[in-house]
Each structure stands twice: as C-alpha cells, then as structure tokens.
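Enquirer: Take a look at this one; I'll ask things after.
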Amino acid sequence: MATERMVISGGGLAGATAARTLRAEGFDGPITLLCAENRIPYLRPPLSKEFLLGKAGEDSVPVVPAGWYEENGVELLFGNAATAVDPASHRIALPGGLHLEYAKLLIATGARPRTIPLPGADLEGVMTFRTFDDSLHLQSLLKDGGRKVVMIGSGWIGMELAAAARTYGNDVTLLGLEDIPLSAAIGAELGRYFQHLHLEQGVSFRLPASAARIEGRVGTAEAVVTDSGERLPADIVIIAVGVVPDTALAEAAGLAIRNGILVDSGLRTSAPDVFAAGDVANALHPFTGEHHRSEHWSNALNGGKTAARSMLGQDATFDVVPYFYTDQFEASMEYSGFPSLASGLSPVIRGALTDEGFIAFWVKDGGVVAGMSVNQRRVHKAIKALITGRVRVSLDRLTDPAVPLEELLPTP
C-alpha cells in the first residue's frame, strides 16, 4: 500500500488522529487531510472550558503541533471541504473542479450546530458555538463582564457557556425546554445538583421555556422574548440546542445513513474502502450489539485510531466505553458508560450530593452500565472495568465510599 493515497475528509480530532495513527502503524504512502477551516486540527473541549476562560492559550488546542504534518508527510488542504465522493471510481471532488483519487477514504466531517427558525436569529450579537473562532469571538465579548447574556439551551454546552459567562461577571439567563437542566441526560436529581451550582453563582433560569423571537434595533440584538411573553434584555444571545451530524457528503454518495453514517464495529461504511469516524459516525458497538453515535472527544480520538487501523486492513474493533467530561464552576464531572442503557434508570449515589465529591452509578440487571463522578479523580478506569466486565455488584458495597472500587472487580 506504499503508493496508495489515504484521504481523510474532515480536519478535526478524528481526522488528525487517524493520520497520526496511519503513520504510527507504518504506512508510508501519501496522506491528504481535507480541512474545511483554515486552521490545523484542534481539540474542541477546551473551547467551552479552559480556553474560553483564558486559562489556556492557543497552543493548548492543536491535536498535534503544526510542524508534525510536514515532518510526517501529511498533506493539509485548508478551506477544502470535499464536495462529492464517487465510491465506484474511488474519487473525491474538491472545490474548483479538482479531484483526488483514493485507495481508502475516511469521512470525519463531524457535526454542525443545530439551528432553530427563530425570528431575529440573524441579528448582530446572536451566535451559535462550535469552532475555535466562535470561542475566540465569545471570549472577546465576555471577558470584560457587565454584559447581559441569554443562553438558549440547557444541555452540556449551554451550561458550560453559562458558567463561563457568569465567571467573567456577566448577567446570565438560561432558557431550556426541560423542567430541570440536563435531566434528559442524567436525571432530575443530578440535574438539580448542577442547577444549584449555577443558582449559587447567580445564573437565572427560565424552565421550561423557549424563545419566541429575538428583538433588536439597528440590526443588533437587544432582547429575547419567551413563549410566555417575558422580555429578557440581551446584549449577547447564544443558541446552544445541540448539533446534527454532517452527513451531506455521505448522503450524496449513497452511503447508509441513520442518525449519522452507519458503520460496523470496524468503522466501515456501506461502500467499499470508505470509513467514517467521530461525531458523524453511528457505530455498531460490540458491548451492546447496537449502534451508538457520540459527540464527545473520546469517541473522536479512539474512533480515529480504529478507522486508521481498519483502513490498513487490520482487525480493528471500536469497543471503547463512551466517555466525556464537563467543568462548571467548582464542579469537574466525568461520565463513562452507555446513555442508552442508563435511560430511565434512577442513579444510585456513592457519597452524597452535598459532599464536595461523589459518584453516581446507573445499574441495570445487577451490573453497572454508566458512572458519573464529580470532583473524584482517577476513578473511571475502575468504572469502565465494572461496565465492560459486566460485573454483578452489591448496591451496598457499590455505594459505600469506604469500599475501594477496585475491590468490586473480579480477581485476575
């Protein structure tokens, strides 16, 4: 395969990790990485956390240093999102009528912010949040404090951005469709925990509520009007209502699509020699026997590795337990597990929600299917082992802080 070109469509974490893995596994043929943005691939989690808060600089976000690509013979094409793929001829079309032939193609086009048909959404001061430039722009708006911020969306990104805005000393009001923020993801009890953190720091909530329109003057936003008619003054309006997988390229190529690009456990699509990884991929997971699509960095990181090995013909399986984290005010949270298996279950708590730190577990049929820690370090290796080992656990021991999690694991 030394003379066969690998093409990666998507310049994010999954794409960059795949390129790095191809080289680490010994592939010495040409690699072309197509980047829609005019920027080397970067990590997204810091954009709504430490980078947005000014605790980390621009050098903290690249997946690999800029010089790595030239040193390792990886061609970067900036501002070149692929426009079409022809799986039959193994050709990919680029802007300007250019084409590339590929031996193997990885689609890692990620996701794009979900939009809502909201009157006034095009006013100055209204934004979505996804890219490095979005984070840089929002930081410039927030850093001096004293602004009125209305957040539309009470999911993880909405809550993180609300925390950052308030930390900078801005007035923050958050709208969400749930009675309790995050309750669809982690349940009402834990959602109240995070809501209480925000309330203690001065964030205001309107729940459940939705935005009916955004009002402005001279082309600039000045208020959000809710569905109940309440008018909330706003200098900055952030729409954070989730993302949708960017499947346009795959759909046009005739690939199988269902909540993303359908792939098997080796991240192979329905077309020969075409693979998908990251936010856009809905992958068959061997643990559950079901397809799962994840929008978190661990999925992109590990998916890029698996896809690269599959592209090289190795027997690679994407079997990583889903993982993500969030930082909001003084709370640092990590989550490992399968949200689909935890859905509808009430978590059991190790410790108490009033403690400085605690762990929540979701247990199904006697085994842990998900675990969430707050301000507890180095526990997720054991949590993932409990999940993947299908360990049957005693709830008394599981919830007892005096019992090390490692003692619940089977003896090797």
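Enquirer: P(r) of segment 193-327 in 5 Å steps, Cα pairs, percent per bin?
Expert: Spelled out per bin, shortest first, that is 2, 9, 14, 15, 12, 9, 9, 11, 10, 7, 3, 1.
Enquirer: Kirkwood hydrodynamic radius, computed over distinct alpha-carbon pairs, for segment 195-266: how many Å, to one decimal?
Expert: It is 16.1 Å.
Enquirer: Something else about it: Grab the other residues whose beta carbon is less than 10 angstrom from that of A14, score K and R as +1, D and E as -1, and report the net.
Expert: Result for the local shell: 0.
Enquirer: Given Cα pairs under 8 Å that are at least 6 residues apart, what percent is the relative contact order of the chain?
Expert: Value for the chain: 14 percent.
Enquirer: Next question. Name the residues whose placed amide hydrogens come within less than 5 Å of the amide hydrogen of K364, ignoring near sequence neighbours (fewer than 5 apart) on the same chain.
Expert: Those qualifying (amide H under 5 Å, at least 5 residues apart or on another chain) are V369.
Enquirer: Among the lysines, which have Cα under 22 Å from the Cα of K143 when same-chain residues fewer than 8 positions away are ignored?
Expert: Straight-line reach from K143, under 22 Å: K49, K55.
Enquirer: Please check: in the Gaussian network model of the chain (C-alpha springs, under 10 Å), which one of A240, A56, A165 has the largest mean-square fluctuation.
Expert: Evaluated over the chain, the most mobile residue of the options is A56.
Enquirer: Relative to the compact-globule scaling 2.2 N^0.38 Å, provide the ratio for the alpha-carbon radius of gyration of segment 131-223.
Expert: Expressed relative to 2.2 N^0.38 Å, the Cα Rg reads 1.10.
Enquirer: If amide H atoms are built 1.01 Å from N in the plane of the peptide, which residues on other chains or at least 5 residues away come under 5 Å of the amide H of I257?
Expert: Close amide H contacts, sequence-distant or interchain: L262.
Enquirer: Please give the contour-minus-distance gain from D355 to F78: 0.36 nm per residue of separation, less the Cα-Cα distance, rounded to one decimal in nm.
Expert: Length difference between fully extended and current span is 94.9 nm.
Enquirer: What does the charge add up to near P113, with Lys and Arg as +1, Asp and Glu as -1, over the other residues with Cβ less than 10 Å from its Cβ?
Expert: Result for the neighbourhood of P113: +2.
Enquirer: For segment 348-361, just list the computed ³J(HN,Hα) in residue order, Karplus coefficients 6.51, -1.76 and 1.60, θ = phi - 60°, integers in Hz, with x standing in for Gly and Pro.
Expert: After applying 6.51 cos²θ - 1.76 cosθ + 1.60, I find 10, 10, 9, x, 9, 5, 7, 6, 5, x, 7, 10, 10, 10 Hz.
Enquirer: Which whole-number percent is the relative contact order of segment 5-104 (Cα, under 8 Å, 6+ apart)?
Expert: 31 percent
Enquirer: Find, to one decimal place in angstroms, the Kirkwood hydrodynamic radius of segment 259-405, where the mean of 1/r is taken over every pair of different Cα atoms and then inverted.
Expert: Result for segment 259-405, one decimal place: 16.3 Å.
Enquirer: Whose amide H sits under 5 Å from the amide H of R112, counting only residues 5 or more places off or on another chain, with H placed in the peptide plane?
Expert: Here V244, D246 satisfy the definition.
Enquirer: Largest first, what is the accessible-area ranking of T32, T399, T167 with a 1.4 Å probe?
Expert: T167, T399, T32
Enquirer: If you take every residue apart from N375 with its C-beta less than 14 Å away from the C-beta of N375, what net charge results, scoring Lys and Arg +1 and Asp and Glu -1?
Expert: Neighbourhood net charge equals -2.
Enquirer: Which of the following values of semi-axes √(5λ) of the Cα gyration tensor in Å was calculated from the structure shown: (i) 31, 26, 25; (ii) 35, 30, 18; (iii) 32, 30, 19?
Expert: Among (i) 31, 26, 25; (ii) 35, 30, 18; (iii) 32, 30, 19, the one calculated here is (ii).
Enquirer: List the aspartates and glutamates whose Cα sits under 20 Å from the Cα of K148, skipping any in the same chain fewer than 8 residues away.
Expert: D122, E124, D134, E160, D171, E200, E215, E222, D227, E230, D235
The values are calculated or read from the model by the stated rules, or taken from the named source; none is laboratory data. Since this is a predicted model, take the numbers as computed values, not measurements. Cβ coordinates were reconstructed from backbone atoms using ideal geometry, including for glycine residues, and neighbour counts include every protein chain displayed. Heavy atoms of the whole protein, side chains included, go into the accessibility calculation; ligands, DNA and RNA do not. Shrake-Rupley method; radii C 1.70, N 1.55, O 1.52, S 1.80 Å.
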